[in-house]
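Peer 1: Have a look at the structure that comes next, please.
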Amino acid sequence: MWGIYDELIEQLPEDVKITNIFRTKRRVFVETTCGIGTAMCFSESMYSLDSYIGCRVQEVSELIKSWDFDKASVGLAAMNSYFNQLETINSQNFKIQGTHDVFADYQEPSNQKIATIGYFHYLDRYPKLKEALTIFELKAIEGTYPASATEFLLPEMDVVFITGSTLVNKTLPRLLELSREVETILVGGSVPLSATLFSHGVNQLAGKVVTEFPTDQNACRTQGKSFTLINK
């Protein structure tokens, strides 16, 4: 089950160190000599992260395997500081499918069965798609299904969008098993833009290259450029 995690960690350079780290209410940002990475947080706990400054990215990225999800988010953000950079993207076997919102490609769903793992608020831009979606949420609200329903319903889908934060809570490996016959798109600022994920059943990566390190703990938007990548 740790295969995805170990393969991602093994690709990280050994000499890259963390130079800055910052936490907002929803995300953690790690800056290194390669660039900036981010990951979603599962709590709003605010505490000092300064002890990570000066640590090696490869070492801190091991935290992605922690069952303390705050630590796992730090690990993923550290990892993304390497993968989610233009130089790293261009060195891999990627084809850039687009630099726009990947949901726009599916805004006219026709007869496709489309699901999301996680609730994406910006789907309000695409009312037809939102109306047709099957949404799975850890904390199910009206109009969504509980996460446990994926075991029964996910294999029936044609397309599934999975939030990158499933790497943090360790649900991604099982979700990919359930989606073996489904067009699978990993989405969000937490997604590592690594070709390794293609060998585990992901068809598209829709992530972000962060271009600006935040200074406001209440910041809601992540400044950067979005990319949708497919295997060449």
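The values are calculated or read from the model by the stated rules, or taken from the named source; none is laboratory data. This structure is a prediction, so every number in the text was calculated from the model and none was measured. Methodologically, a virtual Cβ is constructed for each residue, glycine included, from the backbone with ideal geometry; neighbour enumeration extends over all protein chains shown.
Peer 1: How do the pairs read when you match residues in segment 79-97 that are in the same structural domain as Leu167 (by TED's automatic domain parsing) and surrounded by fewer than 19 Cβ atoms within 10 Å (Cβ to Cβ) with residues anywhere that are modelled with pLDDT under 90 and of a type in the set (Ser, Thr, Tyr), using Cβ under 6 Å and keeping only pairs 6 or more apart or on different chains?
Peer 2: Final answer for the pair search is Gln97/Thr228.
Peer 1: Just give me the residues in segment 30-53 being without any contact (Cβ under 8 Å) to a residue 60 or more places away in the chain and in a loop (DSSP other than H, G, I, E, B), in sequence order.
Peer 2: The answer is Thr33, Cys34, Cys41, Ser43, Glu44, Ser45, Tyr47, Ser48, Leu49, Ile53.
Peer 1: Could you check segment 160-174 and list, in sequence order, the residues that are crowded, with 20+ Cβ neighbours inside 10 Å and not hydroxyl-bearing (Ser, Thr, Tyr)?
Peer 2: Across segment 160-174, the qualifying residues are Val160, Phe161, Ile162, Gly164, Leu167, Val168, Leu172.
Peer 1: Go through segment 137-160 and count every residue that is outside any helix (DSSP H, G or I), under 19 Å from the mean Cα position of the chain (by Cα) and at pLDDT below 95.
Peer 2: Going residue by residue through segment 137-160, those that are outside any helix (DSSP H, G or I) are 137-146, 157-160.
Within this subset, residues satisfying the condition of being under 19 Å from the mean Cα position of the chain (by Cα) are 137-139, 159-160.
Within this subset, residues satisfying the condition of being at pLDDT below 95 are 137-139.
Adding up the residues that qualify gives 3.
Peer 1: Test Glu59 against the stated conditions and say whether it is at pLDDT 95 or above and farther than 27 Å from Ser199 by Cα.
Peer 2: No: the conditions fail for Glu59.
Peer 1: Suppose the filter is among the aromatic types (Phe, Trp, Tyr), touching a strand residue (DSSP E or B) at 6+ places or on another chain (Cβ under 7 Å) and assigned by TED's automatic domain parsing to the domain that holds Gly224; does Tyr119 pass it?
Peer 2: yes
Peer 1: Do we have Glu177 as surrounded by fewer than 19 Cβ atoms within 10 Å (Cβ to Cβ), at negative phi and not in a helix (DSSP H, G or I) here?
Peer 2: Spelling it out, it is not the case that Glu177 is surrounded by fewer than 19 Cβ atoms within 10 Å (Cβ to Cβ), at negative phi and not in a helix (DSSP H, G or I).
Peer 1: So, of the residues in segment 1-19 that are closer than 20 Å to Glu87 by Cα and not charged (D, E, K, R), which turns out to be nearest to the chain's Cα centre (by Cα)?
Peer 2: Looking at residues that are closer than 20 Å to Glu87 by Cα and not charged (D, E, K, R), I get Leu8.
Peer 1: Looking at segment 14-25, I want the residues that are more than 22 Å from Ser43 (Cα to Cα) and assigned by TED's automatic domain parsing to the domain that holds Tyr47 and have a partner that is basic (Lys, Arg) and surrounded by 15 or more Cβ atoms within 10 Å (Cβ to Cβ) with Cβ atoms under 9 Å, at least 6 apart or on another chain. Which pairs are those?
Peer 2: Glu14/Arg56; Asp15/Arg56; Val16/Arg56; Lys17/Arg56; Ile18/Arg56
Peer 1: Evaluate the following for Phe42: is it surrounded by fewer than 21 Cβ atoms within 10 Å (Cβ to Cβ) and either within 22 Å of Gly118 (Cβ to Cβ) or not assigned by TED's automatic domain parsing to the domain that holds Ala78 (or both)? Quick ask: steps written out before the conclusion?
Peer 2: Working: surrounded by fewer than 21 Cβ atoms within 10 Å (Cβ to Cβ): yes; either within 22 Å of Gly118 (Cβ to Cβ) or not assigned by TED's automatic domain parsing to the domain that holds Ala78 (or both): yes.
Criteria met by Phe42.
Peer 1: Something else about it: For segment 54-70, give me each residue that is assigned to a helix (DSSP H, G or I) and over 14 Å from Lys17 (Cβ atoms).
Peer 2: Glu62, Leu63, Ile64, Lys65, Phe69, Asp70
Peer 1: Give segment 194-205 a look and list any residue that's touching a helix residue (DSSP H, G or I) at 6+ places or on another chain (Cβ under 6 Å) and surrounded by fewer than 24 Cβ atoms within 10 Å (Cβ to Cβ), or say none.
Peer 2: Those that are touching a helix residue (DSSP H, G or I) at 6+ places or on another chain (Cβ under 6 Å) and surrounded by fewer than 24 Cβ atoms within 10 Å (Cβ to Cβ): Thr196, His200, Gly201.
Peer 1: Still on this model: Would a scan of segment 180-193 turn up a residue that is surrounded by fewer than 21 Cβ atoms within 10 Å (Cβ to Cβ), outside the structural domain of Met46 (by TED's automatic domain parsing), of a type in the set (Asp, Glu) and assigned to a strand (DSSP E or B)?
Peer 2: yes
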